[in-house]
Amino acid sequence: MRPQLPPIPLEARTPLPLPFYLTPVSAGFPSPAEDYLDQALDLNDLCITHPAATFYVRASGESMRDAGIQSGDILVVDRAEEARPGRIVIAAVDGELTVKRLKHMDGRLFLAPENDAYKPIEIRPESSFEIWGVVTFVIHRT
């Protein structure tokens, strides 16, 4: 049975390009600012390759913490991307939605968490399993 979480399709909206500074910001020691503004950036252009196949979903829980996904983050999910092993996917398993890394191990398919406190989910032939899309970006509030 498919979970009852309807994807929210993106709507065509007015582009919102914002200033984009080309000078990187040091996460280590401060460096002199160079005031170098070269272009505008619209996050839709950066984050969305296939608008008709993209939706957002909010992450819940801590199983993907070590992949940089925290509870409350917004995930950008692209249904047109190929769900290959190694990619982070949104999947429905036995009626429950989850976000995990897709892995093949010893000829078996797993949805693997990125937190040692959680165990991988093996996808068995009798499992109800469907990949909803590939997570392409994580929007995290600081």
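Can you give me the distance in nm between label points at residue 27 and residue 60, each placed 7 Å from the Cα along the Cα-to-Cβ direction?
Once both label points are built, they end up 2.9 nm from each other.
For the stretch 50-142, what does the accessible surface come to per residue with a 1.4 Å probe? Please give it in Å².
Result: 57 Å² per residue.
Enumerate the calculated ³J(HN,Hα) couplings along the stretch 102-112 in order (Karplus 6.51 cos²θ - 1.76 cosθ + 1.60, θ = phi - 60°), each rounded to whole Hz, writing x wherever the residue is Gly or Pro.
Per-residue couplings from phi come out as 7, 9, 10, 9, 6, x, 10, 9, 10, 10, 9 Hz.
Going by amide H atoms built from the backbone, whose H comes under 5 Å of the H on residue 87, apart from near neighbours?
102
In sequence order, what are the phi-derived ³J(HN,Hα) couplings for the stretch 86-99 according to the Karplus relation 6.51 cos²θ - 1.76 cosθ + 1.60 with θ = phi - 60°, rounded to whole Hz, with x for glycine and proline?
Computed from phi, the couplings for the stretch 86-99 are x, 8, 8, 10, 9, 10, 9, 10, 6, x, 10, 8, 8, 10 Hz.
Mind checking Rg over Rh on the stretch 74-137, alpha carbons, Kirkwood formula for Rh? Could you put the intermediate results ahead of the total?
Numbers: Rg = 11.2 Å, Rh = 11.9 Å.
Radius of gyration over Kirkwood radius for the stretch 74-137 works out to 0.94.
Relative contact order for the stretch 48-117: what percent, with Cα pairs under 8 Å and sequence separation of 6 or more? Write out the running numbers ahead of the final one.
On the way: 112 pairs, mean separation 19.4, N = 70.
After rounding, I find 28 percent.
In percent, what relative contact order does the stretch 15-142 have, based on Cα pairs under 8 Å that are 6 or more apart in sequence?
Values: 242 pairs, mean separation 28.9, N = 128.
Over the stretch 15-142, the number comes to 23 percent.
Would you grab the residues whose amide H sits under 5 Å from the one on residue 70? Only those 5+ places off in sequence or on another chain, please, with H modelled 1.01 Å from N.
none
The values are calculated or read from the model by the stated rules, or taken from the named source; none is laboratory data. Just so it is clear, the model here is predicted, and its values are computed rather than measured. Neighbour counts are summed over all protein chains in view; Cβ atoms, including those assigned to glycine, are modelled from backbone coordinates with ideal geometry. Surface accessibility is based on the protein's heavy atoms, side chains included, excluding ligands, DNA and RNA. Shrake-Rupley method; radii C 1.70, N 1.55, O 1.52, S 1.80 Å.
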